[in-house]
Amino acid sequence: MAAKGQPVLLGLRDAAMVEPCRGGGQPPRWATNKLGGRADALPSVLPSHPRCGACGAALAHVVQVYCPLGASPFHRLANVFACAGSGCWGRPQSWKVLRSQSLEARGQEARGCGSEQKEECNLSAKDWCAEADDWGGCNGEESSTCALQMLGLNAGMSSSASREAQCVSQLRELRLSEAADVSGSLNTDLLLREETAMATSAPVFQSFYISVVDEADYAGFLDTDHANKLLKEYQQREGVDLENLMSESFAGEDSNEKYEKSEVSEDHAFHKFMKRISVCPEQILRYSWGGQPLFITCPPANFDNSIPACSNCGSNRIFEFQLMPALVSMLRGDADLSVEFGTVIVYTCEQSCWPTNHQTPLEEFIFVQEDPDQKLFK
């Protein structure tokens, strides 16, 4: 289903986000790759504020990934949401990933920021510019120009209140039908009030830019000491001798096995996971459109066959990106606001379909694996 050997890009937390530049243009908010904050909406796509499928609470925004495909004319955005209620951690219905696309505003060049905050404002776009094709490119294809240089820009809103006003304004412009009947107006007003209430009730994590590196650049810097240290800590707590277990299992010493094969497999998967991420322990996101995910524990048998087809066009879904354990400690909010997980894996439509004149994000498939020992990443 997914091709092996696809390039892998790693997302790293960068500087805390600042308000839009004063006295100059800037890339639109929806072209920002970020963790936390509020989800931004593409042009002609309505803001979305999903609720938890388990407890009904408004979901917190976790990450936003601007990921246009190299050969596509669409802007493309993926937003991941999670329930901050501790009773919902690890429950698949408590996570949502929404994909949006838009054809608007392409063909215009980006305008620069004011000199006072030029560096901060460019963190969301400039550092991604050279790698924009890699985040979404298929089979190594490159677009003719950097995606960020094709964005049309609008003046940024200067405060959170202004951003809420912008959200409300977009909703007011919604026209579900040309018919100006009373019932249609009432439905639109109800939708407006509901969306506005959801926007203000959802918990919010502190927002940071996400910068990108190529995993291949770390190939010669494998930190085996760090990986082995974490593995030994895990083995000591769990009373596991991984090497002996593996040798006994493969030698067929069934009568002397200390653990079931399934437990050996779990330890093997965890060891593989830790070894792979040890080249860059601070990674919070792995992106490889059409590549292979990195599981922290063994997935269910025949997992690939259980991934549902696209609910819109019926095409297969493929791996696009996953959230990593280091992100857990970086999700900062008020008081006890937090979300815990091992890894969160996102699968999206391989055709990246988008219905003509569609105005609401499409929900994709998300697979959540709990951390076998959260203490490893604290």
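So the values come out like this:
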| read-out | value |
| --- | --- |
| For LEU376: the one exception among (1) open to solvent by less than 20 Å² (accessible area, probe 1.4 Å); (2) modelled with pLDDT of 90 or more | (2) |
| Options VAL368, VAL339, VAL346: the member that is in a strand (DSSP E or B) and crowded, with 20+ Cβ neighbours inside 10 Å | VAL346 |
| Pairs, first closer than 19 Å to VAL346 by Cα in segment 271-288, second at pLDDT 90 or above and assigned to a helix (DSSP H, G or I), C-beta under 6 Å, six or more apart | ILE284/ALA326; ILE284/LEU327 |
| Long-range neighbours under 7 Å by Cβ, at least six apart or interchain, first residue closer than 16 Å to GLY53 by Cβ and modelled with pLDDT of 90 or more within segment 74-92, second of a type in the set (Gly, Ala, Ser) and outside any loop (DSSP other than H, G, I, E, B) | PHE81/ALA60; ALA82/ALA60; ALA82/SER94; CYS83/SER94; ALA84/ALA60; CYS88/SER94 |
| Residue within segment 11-19 that is crowded, with 22+ Cβ neighbours inside 10 Å, more than 21 Å from the chain's Cα centre (by Cα) and at pLDDT below 90 present | no |
| Qualifying residues in segment 30-47 (those that are open to solvent by 20 Å² or more (accessible area, probe 1.4 Å) and farther than 23 Å from VAL18 by Cα) - the one modelled with the highest pLDDT | LEU46 |
| Condition check for PRO50: open to solvent by less than 20 Å² (accessible area, probe 1.4 Å) and touching a helix residue (DSSP H, G or I) at 6+ places or on another chain (Cβ under 9 Å) | yes |
| Qualifying position, being modelled with pLDDT of 95 or more and aliphatic (A, V, I, L, M), among VAL346, VAL264, VAL279 | VAL346 |
| Some residue of segment 309-321 being on the phi < 0 side of the Ramachandran plot, open to solvent by 10 Å² or more (accessible area, probe 1.4 Å) and touching a Pro at 6+ places or on another chain (Cβ under 6 Å) | no |
| Residues satisfying the stated conditions in segment 303-354, i.e. of a type in the set (Gly, Ala, Ser) and in contact (Cβ under 8 Å) with a residue 24 or more places away in the chain | SER311, SER315, ALA326, SER329, GLY333, SER338, GLY342, SER352 |
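The values are calculated or read from the model by the stated rules, or taken from the named source; none is laboratory data. Source: prediction; values computed, not measured. Neighbour counts are summed over all protein chains in view; Cβ atoms, including those assigned to glycine, are modelled from backbone coordinates with ideal geometry. Surface accessibility is based on the protein's heavy atoms, side chains included, excluding ligands, DNA and RNA. Shrake-Rupley method; radii C 1.70, N 1.55, O 1.52, S 1.80 Å.
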